[in-house]
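Quick notes on the structure that follows.
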Amino acid sequence: MMKYFKISFSVFFFALLLAVTNVNAEVHGFFGVTVKRFSAPYTSNAYTKVDTGTQFLFETKCTDDLTDDDRTVQSRLYRVVTPIYTSWITAVKQDYVYYNSTSQTVTDWKFILKSKKSLITTATFYGHVGY
(Lines give C-alpha, C1' and ligand atoms only; values in the text may rest on other atoms or scores of the structure.)
Protein backbone atom coordinates (compact mmCIF):
# COMPACT_ATOMS: atom_id res chain seq x y z
CA MET A 1 0.00 0.00 0.00
CA MET A 2 2.85 2.34 0.84
CA LYS A 3 4.46 1.90 -2.60
CA TYR A 4 1.23 3.06 -4.29
CA PHE A 5 1.23 6.12 -2.08
CA LYS A 6 4.85 6.87 -2.99
CA ILE A 7 4.15 6.49 -6.71
CA SER A 8 1.02 8.65 -6.54
CA PHE A 9 2.87 11.27 -4.50
CA SER A 10 5.77 11.37 -6.98
CA VAL A 11 3.39 11.89 -9.93
CA PHE A 12 1.55 14.61 -7.98
CA PHE A 13 4.85 16.29 -7.06
CA PHE A 14 6.02 16.15 -10.70
CA ALA A 15 2.78 17.76 -11.91
CA LEU A 16 2.99 20.38 -9.14
CA LEU A 17 6.57 21.20 -10.10
CA LEU A 18 5.53 21.72 -13.73
CA ALA A 19 2.60 23.91 -12.66
CA VAL A 20 4.77 26.09 -10.44
CA THR A 21 7.30 26.60 -13.23
CA ASN A 22 4.44 27.59 -15.56
CA VAL A 23 4.89 24.66 -17.92
CA ASN A 24 1.80 23.39 -19.70
CA ALA A 25 1.94 19.65 -19.26
CA GLU A 26 -0.36 16.78 -18.70
CA VAL A 27 0.44 13.35 -17.32
CA HIS A 28 -1.54 10.14 -17.82
CA GLY A 29 -0.61 7.54 -15.21
CA PHE A 30 -0.55 3.84 -15.92
CA PHE A 31 -0.14 2.07 -12.57
CA GLY A 32 -0.38 -1.67 -12.13
CA VAL A 33 -0.78 -2.38 -15.85
CA THR A 34 -0.41 -6.09 -16.60
CA VAL A 35 2.17 -6.70 -19.32
CA LYS A 36 0.84 -9.73 -21.14
CA ARG A 37 2.62 -13.01 -21.90
CA PHE A 38 4.49 -13.63 -25.17
CA SER A 39 4.78 -9.91 -26.02
CA ALA A 40 1.03 -9.53 -26.58
CA PRO A 41 0.31 -5.77 -26.42
CA TYR A 42 -1.71 -4.00 -23.74
CA THR A 43 -3.80 -1.12 -25.14
CA SER A 44 -5.25 1.59 -22.91
CA ASN A 45 -8.50 3.46 -23.28
CA ALA A 46 -8.22 6.66 -25.30
CA TYR A 47 -7.04 9.85 -23.62
CA THR A 48 -7.21 13.36 -25.08
CA LYS A 49 -4.04 15.35 -25.63
CA VAL A 50 -4.93 19.04 -25.34
CA ASP A 51 -1.62 20.77 -26.08
CA THR A 52 1.22 20.42 -28.56
CA GLY A 53 4.51 18.89 -27.53
CA THR A 54 6.24 15.59 -28.03
CA GLN A 55 4.90 12.91 -25.72
CA PHE A 56 7.21 10.93 -23.43
CA LEU A 57 7.16 7.74 -21.41
CA PHE A 58 8.48 7.58 -17.85
CA GLU A 59 8.83 4.14 -16.30
CA THR A 60 8.81 4.02 -12.51
CA LYS A 61 9.26 0.25 -12.53
CA CYS A 62 8.25 -2.91 -14.33
CA THR A 63 8.74 -6.28 -12.66
CA ASP A 64 8.10 -9.89 -13.58
CA ASP A 65 5.13 -11.23 -11.60
CA LEU A 66 6.78 -14.59 -10.90
CA THR A 67 10.45 -13.74 -10.23
CA ASP A 68 10.16 -10.04 -9.33
CA ASP A 69 13.04 -9.31 -11.75
CA ASP A 70 13.05 -6.12 -13.80
CA ARG A 71 11.30 -6.45 -17.18
CA THR A 72 12.21 -4.42 -20.25
CA VAL A 73 9.15 -3.11 -22.07
CA GLN A 74 8.45 -1.29 -25.30
CA SER A 75 5.72 1.22 -26.01
CA ARG A 76 4.13 3.12 -28.82
CA LEU A 77 1.13 5.39 -29.21
CA TYR A 78 -1.89 5.06 -31.49
CA ARG A 79 -3.60 8.17 -32.83
CA VAL A 80 -7.33 7.42 -32.81
CA VAL A 81 -8.93 10.05 -35.08
CA THR A 82 -6.68 9.67 -38.12
CA PRO A 83 -5.15 6.27 -37.39
CA ILE A 84 -1.38 6.18 -37.19
CA TYR A 85 1.15 4.57 -34.85
CA THR A 86 4.34 6.09 -33.47
CA SER A 87 7.53 4.03 -33.59
CA TRP A 88 8.23 1.54 -30.80
CA ILE A 89 10.43 2.93 -28.01
CA THR A 90 12.14 1.00 -25.23
CA ALA A 91 11.37 2.23 -21.72
CA VAL A 92 14.27 3.05 -19.40
CA LYS A 93 13.67 2.71 -15.66
CA GLN A 94 13.49 6.10 -13.90
CA ASP A 95 14.11 8.04 -17.13
CA TYR A 96 12.19 9.90 -19.83
CA VAL A 97 12.05 8.42 -23.32
CA TYR A 98 10.40 10.49 -26.05
CA TYR A 99 8.13 9.22 -28.82
CA ASN A 100 8.71 10.57 -32.35
CA SER A 101 7.29 13.87 -33.62
CA THR A 102 4.07 12.17 -34.77
CA SER A 103 2.99 12.28 -31.10
CA GLN A 104 2.74 16.12 -31.12
CA THR A 105 -0.75 16.15 -32.65
CA VAL A 106 -3.57 17.42 -30.41
CA THR A 107 -6.12 14.59 -30.57
CA ASP A 108 -7.14 11.31 -28.89
CA TRP A 109 -4.39 8.73 -28.27
CA LYS A 110 -4.08 5.19 -26.94
CA PHE A 111 -1.05 3.91 -25.01
CA ILE A 112 0.30 0.51 -26.14
CA LEU A 113 2.75 -1.53 -24.05
CA LYS A 114 4.43 -4.90 -24.57
CA SER A 115 7.32 -6.93 -23.21
CA LYS A 116 10.52 -6.59 -25.25
CA LYS A 117 11.16 -10.33 -24.90
CA SER A 118 8.51 -12.96 -25.54
CA LEU A 119 8.24 -14.58 -22.11
CA ILE A 120 5.79 -17.02 -20.54
CA THR A 121 5.18 -14.87 -17.44
CA THR A 122 3.29 -11.61 -17.03
CA ALA A 123 4.75 -8.44 -15.53
CA THR A 124 3.39 -5.32 -13.82
CA PHE A 125 4.18 -1.83 -15.13
CA TYR A 126 4.12 1.48 -13.26
CA GLY A 127 4.74 4.71 -15.13
CA HIS A 128 3.17 7.55 -17.04
CA VAL A 129 2.90 9.23 -20.42
CA GLY A 130 3.08 12.99 -20.62
CA TYR A 131 3.96 15.99 -22.78
Sorted by accessible surface (1.4 Å probe, heavy atoms of the protein chains only), largest first, Tyr42, Tyr85 come out as Tyr85, Tyr42
Over the stretch 23-117, what percent of the accessible surface lies on carbon and sulfur atoms, probe 1.4 Å?
47
Here Rg/Rh (Cα, Kirkwood) for the stretch 34-75 equals 1.04
Using alpha carbons only, how many angstrom separate the centre of the stretch 26-48 from the centre of the stretch 60-116?
8
Alpha-carbon spread of the stretch 27-119, three principal axes, descending order, Å
40, 24, 20
At 1.4 Å probe size, what's the solvent-accessible area of Ile120? Round to the nearest 10 Å².
120
Arg37 - accessible surface, heavy atoms, 1.4 Å probe, Å² rounded to 10
130
Dividing the Cα radius of gyration by the Kirkwood radius, what Rg/Rh value follows for the stretch 71-130?
0.98
How large is the accessible surface per residue of the stretch 28-131, computed with a 1.4 Å probe and reported in Å² as a whole number?
49
Using a Förster distance of 25 Å, how high is the FRET efficiency between Thr54 and Thr124, based on the Cβ-Cβ distance and rounded to 0.05?
0.40
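The values are calculated or read from the model by the stated rules, or taken from the named source; none is laboratory data. In this text the structure is predicted, and so the values were computed from the model without any measurement. All Cβ positions, even for glycine, are placed from backbone atoms using ideal geometry, and neighbour counts span all protein chains on display. Keep in mind that these areas ignore ligands, DNA and RNA; they rest on the heavy atoms of the full protein, side chains included. Shrake-Rupley method; radii C 1.70, N 1.55, O 1.52, S 1.80 Å.
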